[in-house]
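For reference, the structure is listed below as structure tokens.
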Amino acid sequence: VAGAIAASAPIWAFPLCAPPVDGAWTAVSRGLTSAGGAATIDRCYDNLLAGWPLMVEFGKSDVGRQVLTEAFNLCSPLTSEDDVWRLLEWAQSPWFVMAEGNFPFPSNYITFAVGHTRSELPAWPMRKACEGGLNDDYGVIFNGDKSKVKYTLSIGDDIILDVDWDFVEASPTTHHGSAQTLQDSKAAKELFSSMKNAVAIWFNVTKDKSCFDLDPAPSSLLHNKRQLWRPSSMSSSSSLRRNTAAGSFTKKETSFNSIYDSAKNDICTIESHKGSWDALCCNENINLPIYLAMGIGNDAFWPPTVDRGSTMEDIIGKYGSVAQGCADPSGGDLGYPISFDPWSQWMDDLYGGVRISSHSNIIFSNGMLDPWSAGGVYPKGAGKTEGPSVQPLNEDASMIALNLDLGAHHLDLMFSTKDDPDCAIMARNTEQEYIDAWIRQWNSDKNKINHEFLGDRPFQASL
């Protein structure tokens, strides 16, 4: 092997590489900002972030649930708070896959890979999601600290909500939380409708839906049955803690125990017939926890899926712990392991983790709009989205990182089009230059070896 292009390869997403546990959702949310090409201002990001606690507040009353049913064009009415959490799960589920497929051209690469449909996402689907109304002004104002998920949220002229981590309620200093106020809020209704338009890009990619059932989008994530969406207590005055990946492996069956328990007769069985990814992850103890935390102050989602201040150990379990393995869809004939190492220690030992300074002739390309870029390879201490697009990873620059500011999942490996952003053109040109150099080096080294061993004698293969 003369060299390698590792495009959108999250090899630093393993726990021992200390990746950000919410990094995937930060990258997803970048596609909703001006930096990600969505608009000249970041109204889309703020509107989406405001929509989630607003949905929960509306879900506390019959009147509010009726508004949500109509705004999201649901096939069946929402009749309980539990139904509203199903709506929240549904409305948050397509953003990861839309971000993966956020290409500058129509594509069924992601829709076919995870949804097995040949219908195409539009060009720049995340931008299209914002253009369906999320770029509009609904009077959304955050007062407080979004990075700490502690703020007062105003929508329009008539709704004020207090948000503190996973808790939301109408502001006690006003009467803006009444059911009649919610029903009459034009801004809230329009915001919900714009959220419906956004997720319809995925859910109605086939263009044949007249209404929506609450079936979440399939995902390229490992075991997407993460139990992230339901609060442990549904009372309107309680904290809205969801049954998430938080906790050690002795608390609430632990994150991965609950993941695999819920997957036993579901995801593992279904996905085993679609491809080998789940089986590979199960057998090789591949755990990439960059998506396990969401809504902790760095993305456009809410509520937080972990406790405030959670560490990697809090989320996946103590180092050295063992979780229950994946369910064998064959009932035991395929040899699935009975246990799972959430820290992926063997993968780190085998491939070196972050210890790659002695490697050479590798290009690690990272699309900044791709969720998996959170586990990509970058120079030590360098910001993922800051600095030059070409970043040396060792002293002789024989190993580099390529950062595509408007790149989704390995855009640089796709066929070139007239609509490619400059970063894709730059990446392909750089990769071509390195490939040419690798081939020259390979041929030079081969000739040097031949001359050293054969001298001036012509090489003759023995039969």
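Values in this text are rule-based calculations from the coordinates and carry no lab data. Because the structure is a prediction, the values reported are computed rather than measured. Cβ sites come from the backbone with ideal geometry, for glycine too, and all protein chains shown count toward neighbours.
Overview of values
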{"quantity": "Straight-distance crosslink candidates among aspartates and glutamates, where the alpha carbon sits under 17 Å from K189 and sequence neighbours closer than 8 are dropped", "calculated": "D46, E57, D62, E70, E131, D136, D137, D157, D158"}
{"quantity": "Lys, Arg +1 and Asp, Glu -1 on Cβ, resulting dipole of region 10-109 about Cα centre, debye, nearest 20", "calculated": "260 debye"}
{"quantity": "Across K380/K418; K148/K380; K60/K209; K60/K318, pairs whose alpha-carbon gap is larger than 32 Å", "calculated": "K380/K418; K60/K318"}
{"quantity": "Extension gain, F415 back to H359 (0.36 nm per residue minus Cα-Cα distance, nm)", "calculated": "17.3 nm"}
{"quantity": "Additional length obtainable on full extension of the chain from K318 to Q441, 0.36 nm per residue less Cα span", "calculated": "39.7 nm"}
{"quantity": "Highest-first arrangement of 396-409, 104-117, where packing means the average Cβ count within 10 Å", "calculated": "396-409, 104-117"}
{"quantity": "Counted charge near M347, where neighbours are those whose Cβ lies closer than 15 Å (Asp, Glu -1; Lys, Arg +1)", "calculated": "-3"}
{"quantity": "Dipole magnitude (debye, nearest 20) for region 1-65, charges at Cβ of Lys, Arg, Asp, Glu", "calculated": "80 debye"}
{"quantity": "Residue-count net charge about S76 - beta-carbon cut-off 9 Å; Lys, Arg +1, Asp, Glu -1", "calculated": "-2"}
{"quantity": "Ranked packing of 312-322, 92-102, most packed first, by mean Cβ within 10 Å", "calculated": "92-102, 312-322"}
{"quantity": "Straight-distance crosslink candidates among aspartates and glutamates, where the alpha carbon sits under 12 Å from K207 and sequence neighbours closer than 8 are dropped", "calculated": "E120"}
